[in-house]
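Visitor: Handing you a structure now.
None of the figures in this text is laboratory data; all of them are computed from the coordinates on show. Please read these numbers as outputs of a predicted model, since none were measured by experiment. We place every Cβ from the backbone using ideal geometry, glycine too, and count neighbours over all the protein chains shown.
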There are 2 protein chains.
Amino acid sequence: MEIFDLVREHALIRSSQGVLGWDQEAKLPPAAVDHRAKQLAWLAARAHELAVSDRWKSALGQAEAADDGCDTVRGANLRQLRREFERASQLPVELVSRQTTVSSHAKHAWVEARKRGDFSAFAPHLEKQLGLAREKADLWGYESEPYDALLESYERGTRTAAVAALLEVIKPALREIAAQAVEKSASRAVKPPAGSFPVPLQVEFNARVAEAIGFDFQAGRIDTTAHPFCTTLGPCDVRLTTRYDENDFTSSLFGVLHEAGHGMYEQGLPADDFGLPSGSAVSLGIHESQSRLWENHIGRSRAFWERWYPVACDLFPQLAGFPLDDFLAHVRHAAFTPIRVEADEATYDLHIILRFEIERRMLRGELAVADVPVAWNESFRDLFGFVPENDTAGCLQDIHWAMGGLGYFPTYTLGNLNAAQIFAAARKHPEIARAIDIADYAPLLAWLRERIHAFGGTLDPAELMESACGGKPSAVDYLSHLRERYL
Amino acid sequence: MEIFDLVREHALIRSSQGVLGWDQEAKLPPAAVDHRAKQLAWLAARAHELAVSDRWKSALGQAEAADDGCDTVRGANLRQLRREFERASQLPVELVSRQTTVSSHAKHAWVEARKRGDFSAFAPHLEKQLGLAREKADLWGYESEPYDALLESYERGTRTAAVAALLEVIKPALREIAAQAVEKSASRAVKPPAGSFPVPLQVEFNARVAEAIGFDFQAGRIDTTAHPFCTTLGPCDVRLTTRYDENDFTSSLFGVLHEAGHGMYEQGLPADDFGLPSGSAVSLGIHESQSRLWENHIGRSRAFWERWYPVACDLFPQLAGFPLDDFLAHVRHAAFTPIRVEADEATYDLHIILRFEIERRMLRGELAVADVPVAWNESFRDLFGFVPENDTAGCLQDIHWAMGGLGYFPTYTLGNLNAAQIFAAARKHPEIARAIDIADYAPLLAWLRERIHAFGGTLDPAELMESACGGKPSAVDYLSHLRERYL
């Protein structure tokens with residue numbers, strides 16, 4: 001069908017953007033930023049043009065008319081393409097390329113502002129991003145508030161009010177778990193021996209772990225960037241990145257476990273359908289479930305470290321006399337930190353709640369950009385009991401707003417909930433649970449491939465969760481998991 | 001003017017191709033090759049489409065009609081764009097895409113044939129490339145022989161007969177110099193002390209040298225690939241690559257000096273004119289002059305090593321007792337080798353003469369593809385006194401014919417001649433010569449920027465040489481340089 005050829009062409013353009021984007025983070029010389037922004041804008045404009053073209057529209061219409069309903073994957077692809085087409089064609093080309101330019105400059109300004117802790121240098125860019133977000137929301141339309149329209153980009157079928165209600169319900173439990181976990185950790189503060197963990201050895205350890213849990217290096221690689229991420233540059237080209245702390249090898253390792261979780265999801269999507277909804281990740285909340293599953297449910301488990309701690313001790317001899325139990329307490333250490341990406345499992349979602357509330361208020365016009373630092377610090381004090389020492393450690397810490405990713409944050413917490421529910425469902429199979437308990441993850445990965453990855457975007461996130469786990473999305477498994485591990 | 005906007009858009013596409021190509025050589029996971037080929041083909045098609053479009057044609061025509069001749073750079077840009085447009089539009093799209101397919105298969109077959117030393121497996125592909133080269137030459141037209149039309153792609157305004165006459169004239173001198181240099185080197189075979197030269201230390205040394213000679217790391221970087229190259233991904237984004245030999249740090253260093261020469265030329269082109277002829281390198285023969293100048297005239301000079309040998313000795317302690325004179329003899333060691341890319345300065349051009357004569361005879365129909373191995377070996381015996389042990393070390397060694405690059409080889413020798421003439425002209429300025437003699441290359445680079453780089457492609461190579469050096473292109477300086485250094 002012609003529409004599928006066009007979608008594949010679109011994926012070629014988008015994945016070329018991906019290559020340029022990856023290079024920008026991992027390799028780009030400082031003076032080359034402007035030209036890279038132009039290249040990315042050109043590609044973004046071509047991708048958008050194609051996806052809203054008359055040719056696309058009529059090919060999609062023809063395919064829909066010709067669809068006999070026999071092929072459920074084809075049907076799901078057409079429905080999702082229709083949904084995406086309607087959303088894409090509501091945005092003028094001019095806006096799309098403006099967004100790219102604004103984002104590229106905002107990112108740059110954010111880096112500088114963050115270095116100097118100077119929110120005012122970033123504020124005009126955030127203002128522009130907020131304006132663009134509102135413009136887009138108005139063009140897309142929404143049920144009850146602009147945030148709905150943005151959230152739809154990341155978590156289709158999910159409404160802001162529902163997320164807000166969910167967060168409201170679990171907030172007291174999360175606060176209680178966090179407070180108790182932090183208290184418990186403080187009373188048991190055992191640090192692993194100091195001493196250098198040489199980067200080349202960390203690289204080796206991470207690669208062995210990533211390979212052992214199932215990341216395919218024939219179709220991917222791991223590089224170094226300032227902030228860890230995972231990006232897919234083609235059906236067999238998944239790039240993970242991490243960063244290294246010479247004093248703590250677990251920092252790069254948990255980065256790799258997290259990103260490898262994203263990467264294995266990407267590697268598990270049907271490669272022949274690359275670019276089609278059936279060959280694409282369904283949502284950020286599902287994507288994050290995969291990263292969190294490997295990072296937290298596997299990577300902070302006793303069984304995992306019973307397997308890998310001896311290897312770490314071989315590579316890093318200073319660990320030799322440090323008991324596994326103390327090391328486990330270390331990787332499960334809970335503490336209140338101003339920085340989201342440094343936050344542990346027990347306190348992480350409080351950071352999300354703060355961001356969700358602030359960006360929702362900005363979008364509703366209840367909070368001016370200039371007032372974000374004050375609002376951030378007030379909310380932070382309420383949740384964590386102290387105030388970040390500056391905006392670098394406060395409202396300037398995340399790149400999301402610089403990239404125009406308003407509406408993105410709640411998917412992290414949705415990912416945590418999904419991860420727990422999916423992991424619990426998988427463990428109900430005795431042979432998977434037995435294998436997990438001896439750090440053999442092949443059966444678990446096979447189950448994820450079959451129940452999650454293989455579906456691509458043919459089901460909505462909530463449908464996928466129900467099909468995989470046999471129950472509606474819920475916070476029950478997540479809260480049990482946190483309570484069991486931290487209380 | 002609209003035509004310049006179109007040219008800049010074309011440059012965005014081409015430089016995006018550049019990013020994907022660089023990544024393919026430096027980073028691509030093995031399983032991702034097919035998808036990358038599709039991405040590159042898509043970009044190539046867009047670039048070609050644009051450059052032969054009606055819009056381009058009419059914008060160019062309008063700009064020509066409106067040109068009042070006052071702005072010489074604009075005039076030169078329009079003339080060169082016209083020249084390129086005529087050449088591009090003389091090739092039917094069908095031929096261009098056939099060339100891509102033939103080249104992709106030929107490259108693959110060449111890799112396999114080279115592995116097995118089996119010329120017959122490559123011959124049908126060379127036959128096809130030869131056919132395509134003739135087709136293109138016929139479409140482009142030529143003065144006296146098809147080779148002219150191909151050479152024009154790489155060295156505009158240069159004729160085959162002139163190159164042949166030049167090579168005929170210098171051949172006896174080159175043979176004599178090579179023979180004597182090889183004999184002298186054999187009698188003075190002093191190898192530097194063995195022992196590992198750790199790659200991270202080579203990386204550090206190379207970066208210090210590259211920075212000191214003027215390569216701008218704010219607008220470029222150095223990475224590792226199987227074969228060294230330089231590619232420009234934007235006006236401030238020049239990527240060099242090299243490869244490392246743990247037993248010989250000079251291998252990666254001379255790779256970097258050579259590629260940095262290319263890179264500094266690219267960094268010296270007018271950045272605001274990126275993609276326009278005035279912001280682009282003029283020809284391969286001029287490009288190669290810049291790499292050869294830094295690699296050979298600077299990098300193998302006594303003054304350079306008086307400055308850098310102590311640094312090398314600090315980094316690589318095994319060198320400490322090895323005298324500078326012996327080290328200099330090592331970096332100027334001359335020997336006959338069957339492999340062009342391993343050939344030294346004193347013997348290199350003989351390899352080019354051999355290739356030029358063979359491909360010219362093929363194009364004239366005087367040499368059948370099947371007879372290439374015999375012709376190669378006969379010519380090789382005549383020039384070097386022995387025969388390569390197999391075709392892998394003989395007529396299968398270079399990728400150029402597999403890629404369809406017939407007519408490319410002579411630009412290497414033109415580059416050598418140009419380098420010597422340019423270097424001699426620069427040294428005529430006492431302050432430049434004095435600085436060079438204490439390894440301070442800032443005045444030399446400033447002169448190159450002003451006399452060569454700043455012109456981009458606004459002059460033909462021969463005009464540029466005359467304007468920079470105050471005399472017609474000639475071999476005099478090159479032969480003096482070789483005689484002085486090697487006899």
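Visitor: Sort largest first and round to whole Å: the equivalent ellipsoid semi-axes of the stretch B:193-285, each the square root of five times a Cα gyration tensor eigenvalue. Don't skip to the answer; put the middle values down first.
Guide: Values: eigenvalues 154, 28, 19 Å².
Ellipsoid semi-axes (Å, largest first): 28, 12, 10.
Visitor: Using the Cα atoms of the stretch B:49-88, I'd like the radius of gyration and the largest Cα-Cα distance, Dmax, both in angstrom.
Guide: Radius of gyration, then largest Cα-Cα span, for the stretch B:49-88: 10.2, 31 Å.
Visitor: Considering only DSSP states other than H, G, I, E and B, which chymotrypsin sites (Phe, Trp or Tyr not before Pro) in the stretch A:110-144 qualify as loop sites with at most 14 other Cβ atoms within 10 Å? Walk me through the numbers before you get to the answer.
Guide: Values: sites: A:W110, A:F119, A:F122, A:W140, A:Y142; in loops: A:Y142.
Here no chymotrypsin sites (Phe, Trp or Tyr not before Pro) fit, given the DSSP loop and packing criteria.
Visitor: Follow-up. Enter the mean number of other protein chain beta carbons within 10 Å of the beta carbon of each residue in B:35-47, as an integer.
Guide: Details: counts 10, 7, 0, 7, 10, 2, 1, 6, 5, 0, 0, 4, 0.
Mean inter-chain Cβ contacts per residue within 10 Å come to 4.
Visitor: Here is a follow-up. Note down the magnitude of the dipole of the protein assembly as shown about its Cα centre, charges +1 on Lys and Arg C-beta and -1 on Asp and Glu C-beta and zero elsewhere, to the nearest 20 debye. Display every interim value, and only then the final one.
Guide: Working: 102 positive and 136 negative charges, 104 e Å.
Using Cβ point charges on Lys, Arg, Asp and Glu, the protein assembly as shown gives about 500 debye.
Visitor: Another question, then. Compute, for the stretch A:174-233, the length of the dipole vector about the Cα centre, with Cβ point charges of +1 (Lys, Arg) and -1 (Asp, Glu) only. Units Debye, rounded to 20.
Guide: 280 debye
Visitor: In whole Å and largest first, what semi-axes does the C-alpha gyration tensor of the stretch B:357-466 yield when each eigenvalue is scaled by 5 and square-rooted?
Guide: Numbers: eigenvalues 302, 65, 27 Å².
Taking √(5λ) for each eigenvalue gives 39, 18, 12 Å, largest first.
Visitor: Now for a different question. Just checking the output field for B:15-21: average partner chain Cβ neighbours within 10 Å of each residue's Cβ?
Guide: Numbers: counts 7, 10, 1, 1, 10, 6, 0.
For this peptide, the per-residue mean of nearby foreign Cβ atoms is 5.
Visitor: Direction-averaged shadow area of the convex hull around the Cα atoms of chain B, nm²?
Guide: The Cα convex hull of chain B, projected and averaged over all directions, gives 22.6 nm².
Visitor: I'm checking a number: the convex hull volume of the Cα atoms of the stretch B:69-200, normalised per residue, in Å³. What is it? Display every interim value, and only then the final one.
Guide: Details: hull volume 37.9 nm³, N = 132.
Cα-based convex hull of the stretch B:69-200, divided per residue, equals 287 Å³.
Visitor: Sticking with this one: Assigning unit charges at the beta carbon (Lys, Arg +1; Asp, Glu -1) and nothing else, what dipole magnitude in debye, to the nearest 20, does the stretch A:146-487 show about its Cα centre?
Guide: For this selection, approximately 580 debye.
Visitor: Suppose each label sits 7 Å from its Cα in the direction of the beta carbon; what would the A:A303-A:N247 distance come out to in nanometres?
Guide: 3.5 nm
Visitor: Going through the stretch B:388-487, which trypsin sites (Lys or Arg not before Pro) have at most 14 other Cβ atoms within 10 Å and a DSSP loop state? Could you put the intermediate results ahead of the total?
Guide: Details: sites: B:R427, B:K428, B:R434, B:R449, B:R451, B:R483, B:R485; in loops: B:K428.
Passing sites in the stretch B:388-487 are B:K428.
Visitor: Under the Kirkwood approximation applied to all pairs of distinct alpha-carbon atoms, what is the hydrodynamic radius of the stretch B:362-419 in Å?
Guide: Hydrodynamic radius (Kirkwood, Cα pairs) of the stretch B:362-419 is 12.9 Å.
Visitor: If we count other beta carbons within 10 Å of each Cβ, what is the order of B:F85, B:F215, fewest first?
Guide: On the way: B:F85 17, B:F215 26.
Starting with the residue having the fewest Cβ neighbours, the order is B:F85, B:F215.
Visitor: If you bin the C-alpha pair distances of the stretch B:124-182 every 10 Å from 0, what whole percents do you get?
Guide: 21, 34, 26, 18, 2
Visitor: Taking the Cα centre of the stretch B:118-487 as the origin and placing charges on Cβ (Lys, Arg +1; Asp, Glu -1), which of B:W447, B:A162, B:V199 is farthest toward the positive end of the dipole?
Guide: B:W447
Visitor: Sticking with this structure for a sec: How large is the Kirkwood hydrodynamic radius of the stretch A:241-344, in angstrom, based on all distinct alpha carbon pairs?
Guide: Values: mean 1/r = 0.0648 Å⁻¹.
Every distinct Cα pair counted, the radius reaches 15.4 Å.
Visitor: Using packing as a proxy for protection, rank A:23-31, A:53-61, B:144-152 so that the peptide with the highest average count of other Cβ atoms within 10 Å comes first. List each step's numbers first, then the result.
Guide: Working: A:23-31: 18.4, A:53-61: 14.7, B:144-152: 22.0.
Per-residue Cβ counts within 10 Å, averaged per peptide and sorted highest first, yield B:144-152, A:23-31, A:53-61.
Visitor: How compact is the stretch A:408-452 by the rule of thumb for globular proteins, expressed as Cα Rg over 2.2 N^0.38 Å? Intermediate results must be reported in sequence, preceding the final value.
Guide: Details: Rg = 11.9 Å, N = 45, 2.2 N^0.38 = 9.3 Å.
That works out to 1.27 for the stretch A:408-452.
Visitor: Taking neighbour Cβ counts within 10 Å as the exposure measure, how do A:F380, A:F322 sort from fewest upward? Provide the component values of the computation, followed by the final result.
Guide: On the way: A:F380 21, A:F322 18.
If I rank by nearby Cβ atoms, fewest first, I get A:F322, A:F380.
Visitor: Of B:A63, B:N77, B:Q17, which is farthest on the positive side of the dipole of the stretch B:2-89, counting Cα position, with +1 on Lys and Arg Cβ, -1 on Asp and Glu Cβ, and the Cα centre as origin?
Guide: Checked the options; the winner is B:Q17.
Visitor: What per residue convex hull volume, in Å³, do the alpha-carbon atoms of the protein assembly as shown yield?
Guide: On the way: hull volume 188.7 nm³, N = 974.
Taking only Cα atoms, the protein assembly as shown has a hull volume of 194 Å³ per residue.
Visitor: Also, quick follow-up: Taking only the alpha carbons of the stretch B:9-144, what extent do you get along each of the three principal axes, in Å, biggest first?
Guide: Projected onto its principal axes, the Cα set of the stretch B:9-144 covers 60, 40, 24 Å.
Visitor: Translational D (Stokes-Einstein, µm²/s) of the stretch B:2-89 at 20 °C and 1.002 mPa s when Rh comes from the Kirkwood sum over C-alpha pairs?
Guide: Values: Rh = 14.6 Å.
The estimated diffusion coefficient comes to 147 µm²/s.
Visitor: Expressed as a whole number of Å, what is the distance separating the alpha-carbon centroids of the stretch A:88-128 and the stretch A:383-449?
Guide: A separation of 27 Å, based on Cα centres.
Visitor: Next question. As a footprinting exposure proxy, order A:F327, B:F386 by other Cβ within 10 Å, with the fewest listed first. Intermediate results must be reported in sequence, preceding the final value.
Guide: Values: A:F327 18, B:F386 11.
Lowest count first: B:F386, A:F327.
Visitor: So how long is each side of the stretch A:322-384 along the principal axes, counting just the alpha-carbon atoms, biggest first, in Å?
Guide: 53, 16, 16
Visitor: Let me ask something additional. Calculate the spin-label point distance for B:V190 paired with A:R83, positioning each point 7 Å from the Cα along the beta-carbon direction, and give it in nanometres.
Guide: Between A:R83 and B:V190, the label points sit 7.6 nm apart.
Visitor: Could I ask something else about it? From the residues A:Q99, A:G405, A:F316, which one has its Cα farthest along the dipole of the protein assembly as shown in the positive direction, the dipole being from +1 and -1 charges on Cβ of Lys/Arg and Asp/Glu about the Cα centre?
Guide: Highest projection toward the positive end goes to A:F316.
Visitor: Let me ask another. Provide, as a two-decimal number, the C-alpha radius of gyration of the stretch A:10-51 over 2.2 N^0.38 Å, N being how many residues it has. Walk me through the numbers on the way to the answer.
Guide: Values: Rg = 10.6 Å, N = 42, 2.2 N^0.38 = 9.1 Å.
Normalised by 2.2 N^0.38 Å, the Cα Rg of the stretch A:10-51 equals 1.16.
Visitor: Ok, one more. For B:Q218 and B:L95, FRET efficiency with R0 = 56 Å and r from the beta-carbon atoms, rounded to 0.05? Could the numbers behind the result be given before it?
Guide: Values: r = 41 Å, r/R0 = 0.74.
The calculated FRET efficiency here is 0.85.
Visitor: Taking each residue of A:238-247 in turn, how many C-beta atoms of other protein chains fall within 10 Å of its C-beta, and what is the average? Numbers along the way, then the final one.
Guide: Values: counts 2, 4, 0, 0, 0, 0, 0, 0, 0, 0.
Mean number of neighbouring Cβ atoms from other chains: 1.
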